Amino acid sequence: MIHYLLIVLLSCLAWQQEEPVLTWNAGDKIDWSDFKASPQRRADVIAVTASGLSFGYSTTRHPNGKIEYEFEVNAHFYPEKSWYWHDLVNSVTLDHERLHFDITELHARKFRKRIRQFRFTSNIDREMDELHSAIQTELREMQRLYDKETSHSRKVEKQSEWNVLIATELEKLNAYR
């Protein structure tokens, strides 16, 4: 029996299949031209990067109780939900927004690692849901902490520290790209 479950996690965004999506790639950095949504008035935000994880898996349950599974996890950027105020941003702001997408990729790698290392039981659906829920919570918390500590890119020294931290963490998990 093949059971297929597709869960899409969008960092609290609604997903629509017809909208374009960019998948994270080390060689391709997002640019302001990728931000397609109309800017929104917010107290202290001059740009928003909409990114999230897509996650799907399939299982095959054998009569002897053995369960085989395949999975896919990707970090995505959603241009139609991402925006910026042209007159208020600079290169530091763009680096800040790029790092949001990198943080999403970091959590995609963490998720892939956890799935590969987890010893699933016959409760694989529940266990996948729990792993998924945990990584989503961690992703949200890191994104919030990043914005708080950098004051949305205004604290340039803190921004530099985060740049180094995320680059280092991505490198550590390079086997899970």
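The values are calculated or read from the model by the stated rules, or taken from the named source; none is laboratory data. As the structure is a prediction and not an experimental result, all values here were calculated from the model. No Cβ is skipped: glycine too gets one built from the backbone with ideal geometry, and neighbour counts run over all protein chains shown. Note: accessible area is taken over every heavy atom of the protein model, side chains too, but ligands, DNA and RNA are not part of it. Shrake-Rupley method; radii C 1.70, N 1.55, O 1.52, S 1.80 Å.
Angle between the Cα long axis of helix 124-150 and the longest principal axis of the chain, 0 to 90 degrees, nearest 10? Approximately 10 degrees, to the nearest ten.
In the set (1) 0.94; (2) 1.02; (3) 0.99, the label that goes with Rg/Rh (Cα atoms, Kirkwood Rh) computed for this structure is (2). Only protein heavy atoms count here; on that basis, with a 1.4 Å probe, residue 118 has an accessible area of about 80 Å². The alpha-carbon of residue 158 sits under 19 angstrom from the alpha-carbons of these aspartates and glutamates, leaving out residues fewer than 8 places away in its chain: 44, 95, 97, 102, 141, 147, 149, 169. The listed residues 148, 29 rank as 148, 29 when sorted by accessible area, largest first, using a 1.4 Å probe.
Annotation for the range 73-141: trypsin sites (Lys or Arg not before Pro) lying in DSSP loop with at most 10 further Cβ atoms inside 10 Å of their Cβ are 119. Compared with the dominant principal axis of the Cα atoms in the chain, helix 91-117 is inclined by about 10°.
When the surface is traced with a 1.4 Å probe over the full set of protein chains, residue 73 keeps roughly 10 Å² accessible. Within the accessible area of the range 84-177, the carbon and sulfur atoms contribute 49%, probe 1.4 Å, all protein chains present.
Estimated at the nearest 10 Å², the accessible area of residue 92 is 40 Å² with a 1.4 Å probe. Springs between Cα atoms under 10 Å define the GNM used for the chain, and in it the highest mean-square fluctuation of 37, 75, 47 occurs at 37.
Among the listed pairs 113/172; 29/172; 110/172; 66/110, give every one whose C-alpha distance is greater than 22 Å. Over 22 Å apart, Cα to Cα: 66/110. The listed residues 69, 84, once ranked by accessible area (1.4 Å probe) with the largest placed first, stand as 69, 84.
With the helix formula -39500 (n - 2.57) applied to DSSP H stretches of n ≥ 4, the chain reaches a computed 222 nm mean residue ellipticity of -14000 deg cm²/dmol.
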